[in-house]
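Colleague: What follows is a single structure, and I will ask about it in a moment.
The values are calculated or read from the model by the stated rules, or taken from the named source; none is laboratory data. Only a predicted model underlies this, so the values are computations on that prediction, with no experimental measurement involved. As a convention, Cβ positions derive from the backbone with ideal geometry for all residues, glycine included, and neighbour counts pool all protein chains shown.
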Amino acid sequence: MALTATERLHLRKTINELKSHKAPHTEFVTVYIPQGYEIFKIIQHLAEEQGTASNIKSASTRKNVQGALEKMIQHLRGYPKTPVNGLAVFSGNIAAGEGKQDFRVWSVEPPVPLNVRIYRCDKNFVTDILEEIMVDHNVYGLVVLDRRDAILALLKGKTIVPLQKTHSEVPGKFKAGGQSAQRFARIREGAYKDHFKKIAEYMKNQFLPLGNNLKGIIVGGPGTTVNDFLQKEYITGDLQKKIIGTKDLSYTEEYGLQELLDKSEDLLAEEEIAREKKTMQEFFNEFRENPKKVTYGEAQTLRALEMNAVGTLLLSESMPEDKIFELEEKAQKGGAIVKIISIETREGIQLKELGGIAAILRYEIEQG
């Protein structure tokens, strides 16, 4: 699943903080606990590593490794069980200067399942797995077809990755009279059906295994052919639900894929930011109909936060990260929902122009 803007922001902040620290020797401990792994086994392993660390020759390195392990063990004992998606834990002495001590521990419950188990002692914390989580693995399925050919591909970001081609056995047009023409028409119709069934089978094999990472499927080709394919129930209900739109194309094969991408930019953009637009539209609707139930600008919105009146806090991604975290913390203390809004839409730009901060309130307040 894709990370929300808030999850991405928190994860990036933690990663940046971890990467800002560097140990003089291999003293920083990193542990990744996979989904479903028993946490007490990790604690046992860390206790064994504590014993092994007693063999480290350097007194300061030995002290720092054992201290980091102890800090992590104590932290993990606070978890009755491994969180649902696993856990990433980091511990070390981050004090600058020989002989000084400032042992810290960080833990991250990832927004997506961890499937790796790692124990590492190094000069740096191992953050590459968290950084990989930041990468958007979601894809769109692309299908370009006509009555003779079809090609399936994935869209990853802005990159088209062709998957599979198929060519139909539909015979060319043949002019004949009487029975032979009727029979030939039946043969052609049967070949069309086989062609469409084959495309549907390839779609099932290529797209369904992607699970929740498949955000949607777009089908392109001559309008009547696309309609015939989609309306005759060649594809399963699971795939039908994933189709987010169709486009009428002039080309097939690789040229057709590029044409499909060019014509689908509006569709893809809408999918990506539909939720943001909906949230902002709720704000503007409320603003028109009941202006006492919204605020905008920092002073007004902070006042509403202090009154615990905020139901949904809207923050523009254009604001400085530190400011976003500060406001987010205030909002969450009062039980408000926080939504980070991009500047990819007209509504998002409007929020930026309103000072980058606004709120939908739980109840009316007099505007100061």
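Colleague: Out of all the residues in the stretch 228-250, which are of a type outside the set (Val, Ile, Thr) and touching an Asp or Glu at 6+ places or on another chain (Cβ under 7 Å)?
Modeller: LEU249, SER250
Colleague: May I pose another question? Quick one: would you say ASN85 is in contact with a Pro (Cβ under 6 Å, 6 or more places away or on another chain) and over 12 Å from VAL29 (Cβ atoms)? Even if it seems obvious, please write down each step before you answer.
Modeller: On the way: in contact with a Pro (Cβ under 6 Å, 6 or more places away or on another chain): yes; over 12 Å from VAL29 (Cβ atoms): yes.
So ASN85 passes the test.
Colleague: Further, regarding this structure: Only one of (1) farther than 18 Å from LEU9 by Cα; (2) modelled with pLDDT of 85 or more; (3) crowded, with 18+ Cβ neighbours inside 10 Å is not met by THR345, so which one is it?
Modeller: The number of the failed condition is (2).
Colleague: When the residues of the stretch 1-17 are narrowed to those that are modelled with pLDDT of 85 or more and of a type in the set (Val, Ile, Thr), which ends up farthest from GLU328 (Cα to Cα)?
Modeller: If we take residues in the stretch 1-17 being modelled with pLDDT of 85 or more and of a type in the set (Val, Ile, Thr), then ILE15 is farthest from GLU328 (Cα to Cα).
Colleague: Against the definition (among the hydrophobic types (A, V, I, L, M, F, W, C), under 28 Å from VAL226 (Cβ atoms) and modelled with pLDDT of 90 or more), how does VAL143 come out, yes or no?
Modeller: yes
Colleague: Okay, next question. Quick check on my filter: what residues within the stretch 19-38 are hydrophobic (A, V, I, L, M, F, W, C), modelled with pLDDT under 95 and under 23 Å from PRO113 (Cβ atoms)?
Modeller: First pass over the stretch 19-38, keeping only residues hydrophobic (A, V, I, L, M, F, W, C): 23, 28-29, 31, 33.
Keeping just the survivors that are modelled with pLDDT under 95 gives 23.
Once the filter is applied, which keeps residues that are hydrophobic (A, V, I, L, M, F, W, C), modelled with pLDDT under 95 and under 23 Å from PRO113 (Cβ atoms), the stretch 19-38 yields nothing.
Colleague: Among the residues of the stretch 91-125, count how many are farther than 15 Å from ILE39 by Cα and either touching a helix residue (DSSP H, G or I) at 6+ places or on another chain (Cβ under 9 Å) or of a type in the set (Gly, Ala, Ser) (or both).
Modeller: Within the stretch 91-125, residues that are farther than 15 Å from ILE39 by Cα and either touching a helix residue (DSSP H, G or I) at 6+ places or on another chain (Cβ under 9 Å) or of a type in the set (Gly, Ala, Ser) (or both) number 19.
Here is a yes/no grid of residues against (1) of a type in the set (Val, Ile, Thr); (2) in contact with a Pro (Cβ under 9 Å, 6 or more places away or on another chain); (3) under 19 Å from LEU155 (Cβ atoms):
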| residue | (1), (2), (3) |
| --- | --- |
| ASN213 | no, no, yes |
| THR225 | yes, no, no |
| GLU233 | no, no, no |
| LYS242 | no, no, yes |
| THR246 | yes, no, yes |
| LYS277 | no, no, no |
| GLU282 | no, no, no |
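Colleague: Report, by residue number, each residue of the stretch 15-27 that is surrounded by fewer than 17 Cβ atoms within 10 Å (Cβ to Cβ), assigned to a helix (DSSP H, G or I) and in contact with a strand residue (DSSP E or B) (Cβ under 9 Å, 6 or more places away or on another chain).
Modeller: GLU17
Colleague: Can I ask one more? Could we say that GLN350 is of a type outside the set (D, E, K, R), in contact (Cβ under 8 Å) with a residue 60 or more places away in the chain and part of a loop (DSSP other than H, G, I, E, B) here? It would help to see each step written out before you state the result.
Modeller: On the way: of a type outside the set (D, E, K, R): yes; in contact (Cβ under 8 Å) with a residue 60 or more places away in the chain: yes; part of a loop (DSSP other than H, G, I, E, B): no.
No; evaluated as a whole, the condition is false for this residue.
Colleague: Return the only residue of THR159, THR166 being at pLDDT 90 or above, surrounded by fewer than 17 Cβ atoms within 10 Å (Cβ to Cβ) and either in contact with a Cys (Cβ under 9 Å, 6 or more places away or on another chain) or not charged (D, E, K, R) (or both). Full working, then the answer.
Modeller: Working: THR159 fails: at pLDDT 90 or above.
Exactly one of THR159, THR166 is at pLDDT 90 or above, surrounded by fewer than 17 Cβ atoms within 10 Å (Cβ to Cβ) and either in contact with a Cys (Cβ under 9 Å, 6 or more places away or on another chain) or not charged (D, E, K, R) (or both), namely THR166.
Colleague: Separate question: If the Cβ limit is 9 Å and pairs must be 6+ apart or interchain, which residue in the stretch 8-25 that is touching a residue at least 24 places away in the same chain (Cβ under 8 Å) and within 20 Å of ALA95 (Cα to Cα) pairs with which residue that is part of a loop (DSSP other than H, G, I, E, B) and among the acidic types (Asp, Glu)?
Modeller: Matching pairs, first to second residue: PRO24/GLU98.
Quick grid of which residues meet (1) farther than 27 Å from GLY356 by Cβ; (2) touching a Phe, Trp or Tyr at 6+ places or on another chain (Cβ under 9 Å):
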position	(1), (2)
ILE217	yes, yes
GLU253	yes, no
MET280	no, no
LYS293	no, yes
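Colleague: Right, another one. What's the number of the condition PHE229 fails, among (1) modelled with pLDDT of 90 or more; (2) not β-branched (Val, Ile, Thr); (3) not in a helix (DSSP H, G or I)?
Modeller: Condition not satisfied by PHE229: (3).
Colleague: Do any helices (runs of 4 or more DSSP H) entirely within the stretch 239-337 hold 3 or more residues that are crowded, with 17+ Cβ neighbours inside 10 Å, in contact (Cβ under 8 Å) with a residue 12 or more places away in the chain and under 22 Å from the mean Cα position of the chain (by Cα), and if so, which? First the steps, then the outcome.
Modeller: Working: elements: 253-289, 298-306, 321-333.
Output list reads 253-289.
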